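Novice: Before I ask anything, here is the structure I am working with.
Coordinate-derived values only; no laboratory data. The model shown is predicted, which means the values in this text are computed figures rather than measured ones. Every residue, glycine as well, gets a Cβ built from its backbone with ideal geometry; the counts of neighbours run over all protein chains shown.
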Amino acid sequence: MLDDLDRRILRHWQADPSLSPAELAGPCGVTPGKAARRITRMQETGVIEGVGALIDWAALGYSVAVSLRITLDKTQSSAFDDFIKAARRVPEVTEIQTFLGRVDVRLNIIAKDMAHYQEIYRMRILTLPHISDIEALMQIAQIKAEEALPL
């Protein structure tokens, strides 16, 4: 369980992940050593999974984002596993989610432009195994993309 100090550390670290334990200590009201120990404990228990870079794909030339809702032909017991294994190998797939219901899988894809997306769709997506139906949703604006939790 997280206590109030853990939540304070996480709240400040979410706001600025570049802060070191020493820099987190002041706003959290603890010593740098205590902040470091708490961070280490949260990493060891899996509360903190990692610290990474947030990349603006548009700045790298990827201007098209598409979400594909896919229904699989589940007549074969390995349909999900086969599909996900193959989808993981498509470099432009940035996220894979599975669902219960009419839609089985959602793939988020980025492309440089519509011609690039069409190439990805025809050459990589349509060749994935066990697809029975696909619905494409083209992203026109990203209104909110918040990774931080309300702590």
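Novice: Report the one residue of 137, 68, 45 whose Cα lies farthest in the direction of the positive end of the charge dipole of the chain (charges on C-beta: Lys and Arg +1, Asp and Glu -1; origin at the Cα centre).
Specialist: Farthest towards the positive pole: 45.
Novice: Right, next: When the expected Rg is taken as 2.2 N^0.38 Å, what fraction or multiple of it is the alpha-carbon Rg of the range 57-138?
Specialist: Details: Rg = 12.6 Å, N = 82, 2.2 N^0.38 = 11.7 Å.
This ratio for the range 57-138 stands at 1.07.
Novice: Would you mind pulling out the separation of the Cα centroids of the range 1-45 and the range 69-99, in Å?
Specialist: 37 Å
Novice: So for the pair residue 89, residue 23, with labels modelled 7 Å out along Cα→Cβ, what separation do we get in nm?
Specialist: 4.2 nm
Novice: Now for a separate question. At 7 Å along the Cα-to-beta-carbon direction for both residue 53 and residue 76, put a label point, then send me their distance in nm to one decimal.
Specialist: 3.8 nm
Novice: Right, another one. For a Förster distance of 22 Å, can you work out the FRET efficiency between the beta-carbons of residue 108 and residue 151, rounded to the nearest 0.05?
Specialist: Efficiency computed from Cβ-Cβ geometry: 0.25.
Novice: I would also like to ask the following. Using C-alpha positions alone, give me the convex hull volume of the range 4-44 per residue in cubic angstrom. Display every interim value, and only then the final one.
Specialist: Numbers: hull volume 2.3 nm³, N = 41.
Value for the range 4-44: 57 Å³ per residue.
Novice: Contour minus end-to-end for residue 45 and residue 144, with contour as 0.36 nm per residue of separation and end-to-end as the Cα-Cα distance?
Specialist: Working: separation 99, 0.36 × 99 = 35.64 nm, distance 2.92 nm.
Gain in length upon complete extension: 32.7 nm.
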